[in-house]
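Note sheet for the following structure.
Every read-out reported here was derived from the displayed coordinates using simple, explicitly stated rules and does not represent laboratory data. Worth saying up front: this structure is predicted, and the values here are computed from it rather than measured. Glycine gets a Cβ as well: all are built from the backbone with ideal geometry, and neighbour counts include every protein chain shown.
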């Protein structure tokens, strides 16, 4: 961006001299104005009141303009080209998402899994400076996408998530352990796991608390999100004829375990009961995990006084030319 600064702004005090000259010129003009009409000069009135008389003040105006430009030139105006060098200190974040059959419950619209995918993708795309990875779990867990800065890749993998990709069940410990494995070698200043589930751990070789202790060992902070309304939720089931029916099933989330996971790792537990609440939770996490920016500003200056000096000299030349030609006979 170009800005004008002045290397010697103290020269602007010379405009006091300009103001004094203008005042003196006005005072002198009033003093020399004839106060008494003298007979015998009527014949000269038409000549004296010609256009040259009215324009004689232009000599002084040109002189004042030239002097003002010289003062500004002495103040040394300089244009500055400024730019910023931004160094980002990104955060490595792994999203560990439950894709078990219970995520078909319709207390979220259209269901828990689709809501989690939509809101999760929004969160990923809102953080351009961070690396993201994606882990999914049900009865087992696996890495859907390793850490990457390519947000389109993460979003596409997230959109492709569906039920039945792995054996059904809820292996929270396994999902968390796999996410820790993706982050343990990370060199990022801040390492975060966002664990989203709607159930109780009932599968896997690693318990949730054991996995949380492992995360704490590697300095990984875990935010846990329990998804599900309070009480019951509609769940689609098929009858013996293949028809889809909806039943109210109890919502069971092991909040005590999720709170313990968050507490052991310095994270926080959240409960999402609908789409809007889930979105606000991600916004809250976004505020808590801000990417640090190291901004350095550089500038390059260039003197811009020469055009002003040139114009001032030109005005003085015009002033002298008019003084000794057009207005030579006018006092």
Checklist entry - For labels at residue 166 and residue 28 in the simple 7 Å Cα→Cβ model, what's the distance in nm? => result 9.5
Item to check | the chain - Rg and Dmax from Cα coordinates, angstrom | outcome: 39.7, 130
Checklist outcome for this item: Taking 0.36 nm per residue of separation between residue 12 and residue 318 and subtracting their Cα-Cα distance, the length gained on full extension comes to 107.7 nm
Item to check | Cβ-derived FRET efficiency at R0 30 Å, residue 125 paired with residue 274, nearest 0.05 | outcome: 0.90
Checklist entry - With springs only between Cα atoms under 10 Å, which of 255, 167, 319 fluctuates most in a Gaussian network model of the chain? => result 319
Checklist entry - For the pair residue 106 and residue 184, what calculated FRET efficiency results from E = 1/(1 + (r/R0)^6), where r is the Cβ-Cβ distance and R0 = 45 Å, to the nearest 0.05? => result 0.75
Checklist entry - If each residue's Cβ is checked for other Cβ atoms within 10 Å, how do 6, 157, 241, 132 rank with the fewest at the top? => result 241, 6, 157, 132
Checklist outcome for this item: A chain fully extended from residue 5 to residue 230 at 0.36 nm per residue, minus the present Cα-Cα distance, gains in nm 74.7 nm
Checklist entry - 222 nm [θ] for the chain, helices only, -39500 (n - 2.57) per DSSP H run of 4+, per residue, to 500? => result -12500 deg cm²/dmol
Checklist entry - Taking the mean number of other Cβ atoms within 10 Å as a proxy for protection, how do you rank 188-200, 305-317, 108-120 from highest to lowest? => result 188-200, 108-120, 305-317
Checklist outcome for this item: A student applying the Cα gyration tensor rule (rounded when a/c is under 1.5; otherwise prolate if a/b is larger than b/c, oblate if not) would label the stretch 180-269 prolate
Checklist entry - Normalised by the number of residues in the chain, what is the relative contact order in percent for Cα pairs under 8 Å and 6+ residues apart? => result 23
Checklist entry - In vacuo Debye scattering of the stretch 187-331, one point per C-alpha: log10 I(q)/I(0) at q = 0.09, 0.21 Å⁻¹? => result -0.52, -1.27
Checklist outcome for this item: Rounded to the nearest 0.05, FRET efficiency between residue 286 and residue 249 (Cβ-Cβ, R0 41 Å) equals 0.80
Checklist entry - Which peptide among 202-210, 91-99, 270-278, 229-237 comes first, and what is the full order, when sorted by highest mean count of other Cβ atoms within 10 Å? => result 91-99, 270-278, 202-210, 229-237
Checklist outcome for this item: Here the gain from full extension of residue 210 to residue 56, 0.36 nm per residue of separation minus their alpha-carbon distance, amounts to 45.8 nm
Checklist outcome for this item: Expected sort for 170-180, 257-267 on mean C-beta neighbours within 10 Å, highest first, is 170-180, 257-267
Checklist entry - To the nearest 10 degrees, how steeply does helix 208-217 sit against the main Cα axis of the chain, on a 0 to 90 scale? => result 40
